[in-house]
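The block underneath contains the structure these notes are about, expressed in structure tokens.
No lab work stands behind these numbers, since they all come straight from the coordinates. Since this is a predicted model, take the numbers as computed values, not measurements. Cβ coordinates were reconstructed from backbone atoms using ideal geometry, including for glycine residues, and neighbour counts include every protein chain displayed.
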Amino acid sequence: MSAAEKQRRYRARRDADSARRAAYLEKQREAWHRFRSEGKVKTVAEMSDRDKRSKRAYWRKAQQRSRERQHRLDNLDTRQSRQPKKSWKKKGQERTLKITQRNTKTETFARETKKNNRQTTQKTQKTLCGLRVPGIKNKATVTQCPCFWRSAEIIACSSCPHANIKDAFATTKRRTHRQAMSQILTGRILKKYGLQKEVHTALHISRKRNKNPAEGNIKYRSLCFRIQDSVIAYLTRDESSRLTAGKAQTITRRKIKKQEERGHGRPDNINKLQSNSKDCMYNECPHCKGQEFAIAAEVNLQANVELTQWSTETVIREKKNKDEHLYSALVNSGTVRVFYIGENLVDEAINKMPSHLPAVPSTMRIHQVVTGAPGEILYRDVSCPCTARQSYECRCDDTHTFSFEVQQTTPSLPQAPKSNSKENERLWGPDSIGQWCALKYDGDIYPGVIQEVMDTHVQVKCMHVAGVNRFFWPLREDVLLYPFEDILRVIPPPKSVTSRHVEIDKDIWSSF
């Protein structure tokens, strides 16, 4: 956001309330007259001689600066200028780069020259003096090895040295000595006389290297492969892949035997529980012994069978006292929270249900249900691809309509407390639009202006919170729909605390 835009918005906020702006200007005007009468503000004629001289000096400097600016503006050359030259900084960088490149080239040439001179000196000494000049690091390591001269003697004096060299190679314990012998026996001498194959066969030495190592030799694998391995290992476990009772009922898929997947609540699984088999569905397998199956960990298999069977009235009477005992045993059994619902709560919920509840046809084939008003639903066998807003009105894919009998009752609108209790509440209506109200959203209280009243919700433009009983209007309007029960009461307009913040009446705020 530019500075001009910020100033424009500031002036718009400042001049939004014309009465307040006029009062502010009048207050400033009265302050100026008061300062004028007190002598704090003086004209030039009323100033002392010293103040007049300082005022004239300041005026002369200001006039001089103004004339200089005008002179520069008059002498400004507006013709097209020449192509700009390189700056001193750019020239310095280019000069530094050239010097660096020249130094690097000189160092490389000196290093190569020194290397060539050293090699030439070694060759000359070897030719003239016959000395054994040490070579590179590998050759020095080989010549210092104790087995070097032994291997050289065997190769020079024996016509069939394979056995002796093989024994020496096998009896050597140090890895560095083995490497030295391998370098000797795979050098240029064997290559010159064509003995590489015989030596490799006798000593089992190979110069081949593994280009594609096995997966087991890789110490690090990428994250995606590690996650894939963990998921495959989880899905192939017995407790994850075997979900039915018994171990004889298996199915082979891709040459892997797994149990046939079935639901726990199917009749065939219940029949398995009723038999005298030792197979487990709820108590013995590792999947059922976890903390999330606390009921199965506390009761035995026979109790689970009784709970899943059809019980008669006599059995139910006998089990009334057992339910509370079972609940008390399961409360502190693990980390899973267990709740007990008594018969009185069930009867109370049944009594609250309507006596006649019409059935929606083709309930088992419904795939999408949409409601736009109380007691009215739209249902389809295939979900509608329209947007969320369009799905309330579209009739595509054989849409059906169904209505329930609902008695709509409009709740009362709470008012500010008065002496007469009947006047404190009245029904929602068109006259409620434009009034201030206090609502509760996500545990906090917000003031706002009522925009529209609907059948089930109220549209309110809310303010935002800046502190305890401090609110302000946001830059972007916050307009939402709220249910009737979230509207606390109608309140008078909030009072201004600062130039931006307002507060609700303290008596009303304390009642909240």
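Between Lys123 and Gln28, what length in nm is gained on full extension when 0.36 nm per residue of separation is reduced by their alpha carbon distance? Intermediate values should be presented prior to the final figure.
Details: separation 95, 0.36 × 95 = 34.20 nm, distance 10.24 nm.
Gain on extension, Lys123 to Gln28, equals 24.0 nm.
Label sites at Val338 and Lys40, each approximated as a point 7 angstrom past Cα along Cα to Cβ, lie 8.0 nm apart. The overall shape of region 414-511 is oblate: from the C-alpha gyration tensor, with semi-axes ordered a ≥ b ≥ c, the ratio a/c is 1.5 or greater and a/b is no larger than b/c.
The overall shape of region 1-52, judged from the alpha-carbon gyration tensor, is oblate: a/c is not under 1.5, and a/b is no greater than b/c. Region 58-100 and region 428-447 have their alpha-carbon centroids 63 Å apart. Fewest-first ordering of Tyr482, Tyr441 by other beta carbons within 10 Å of each residue's beta carbon gives Tyr441, Tyr482.
Does region 364-403 come out rounded, prolate or oblate by the C-alpha gyration tensor, with a ≥ b ≥ c the root eigenvalues, rounded set by a/c under 1.5 and, if not, prolate when a/b is larger than b/c and oblate if not? Here region 364-403 falls in the oblate category. What pairs in Lys352/Lys440; Lys90/Lys115; Lys115/Lys197; Lys61/Lys89; Lys27/Lys495; Lys98/Lys123 have C-alpha atoms more than 30 Å from each other? Those over the limit are Lys90/Lys115; Lys115/Lys197; Lys61/Lys89; Lys98/Lys123.
Relative protection proxy for 35-48, 390-403, 490-503, from highest mean packing down: 490-503, 390-403, 35-48 (other beta-carbon atoms within 10 angstrom).
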